[in-house]
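*Asks:* Quick one: structure below, then a few questions.
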């Protein structure tokens, strides 16, 4: 009963359109910042290393390197302070949390990019065609008699 009430109250605070992004994606987070009477948008870009929570409590952590120093920021997904979340690049992650990137520097922090399938490749797969480059089948060596 109480879960239904909480869900009803939280529904008003949820954003209508939340972009789909996952762990390992490189994102630009456009944050609204108030400076006196003026409001401006500041962009924080980096790799999503963690996601947690659900509903209005859903959060994600973005990590980037600034002047050789690692900087992490934790953002609430449904916050009104976040203008937009732009996915720049999708990375392949085999873990739920990428905390191991904290110990790495330089090129070792890069993640492999997810390969998007083109329409031609998808059509070839559904038609059951075999790839053009076909390796020769290995034949077992004849037994010596």
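*Asks:* Sort out which residues of region 103-120 are at pLDDT 80 or above, over 23 Å from residue 68 (Cα atoms) and surrounded by fewer than 10 Cβ atoms within 10 Å (Cβ to Cβ), and write them in order of number.
*Replies:* 115
*Asks:* Are any residues in region 13-40 modelled with pLDDT of 90 or more, over 28 Å from residue 106 (Cα atoms) and surrounded by 12 or more Cβ atoms within 10 Å (Cβ to Cβ), and if so, which ones?
*Replies:* Matches in region 13-40: 32 only.
*Asks:* On the basis of being out of contact with any helix residue (DSSP H, G or I) (no Cβ under 9 Å at 6 or more places or on another chain), on the phi > 0 side of the Ramachandran plot and loosely packed, with under 14 Cβ neighbours inside 10 Å, does residue 68 make the cut?
*Replies:* So residue 68 passes the test.
*Asks:* Which of the residues spanning region 41-55 are out of contact with any strand residue (DSSP E or B) (no Cβ under 7 Å at 6 or more places or on another chain) and either exposed (fewer than 12 other Cβ atoms within 10 Å of the Cβ) or assigned to a strand (DSSP E or B) (or both)?
*Replies:* Across region 41-55, the qualifying residue is only 54.
*Asks:* Is at least one residue of region 2-22 part of a strand (DSSP E or B) and under 27 Å from residue 94 (Cα atoms)?
*Replies:* Scanning region 2-22, I find no residue that is part of a strand (DSSP E or B) and under 27 Å from residue 94 (Cα atoms), so the answer is no.
*Asks:* Counting only residues that are within 27 Å of residue 95 (Cβ to Cβ) and not in a strand (DSSP E or B), how many does region 23-40 have?
*Replies:* 3
*Asks:* Report the residue count in region 81-101 for those that are in contact (Cβ under 8 Å) with a residue 24 or more places away in the chain and more than 12 Å from residue 29 (Cβ to Cβ).
*Replies:* Summing the residues that are in contact (Cβ under 8 Å) with a residue 24 or more places away in the chain and more than 12 Å from residue 29 (Cβ to Cβ) in region 81-101 gives 11.
*Asks:* Additional query: Could you say whether any residue in region 63-77 is in contact (Cβ under 8 Å) with a residue 24 or more places away in the chain, under 14 Å from residue 21 (Cα atoms), out of contact with any strand residue (DSSP E or B) (no Cβ under 6 Å at 6 or more places or on another chain) and outside any strand (DSSP E or B)?
*Replies:* yes
*Asks:* Would you be able to say whether some residue in region 5-12 is under 19 Å from residue 113 (Cα atoms), without any contact (Cβ under 8 Å) to a residue 24 or more places away in the chain, out of contact with any strand residue (DSSP E or B) (no Cβ under 8 Å at 6 or more places or on another chain) and loosely packed, with under 15 Cβ neighbours inside 10 Å?
*Replies:* no
The values are calculated or read from the model by the stated rules, or taken from the named source; none is laboratory data. Computed from a prediction, not measured in an experiment: that's the story for all the values here. Note: ideal-geometry Cβ built from the backbone for every residue, glycine included; neighbour counts use all protein chains shown.
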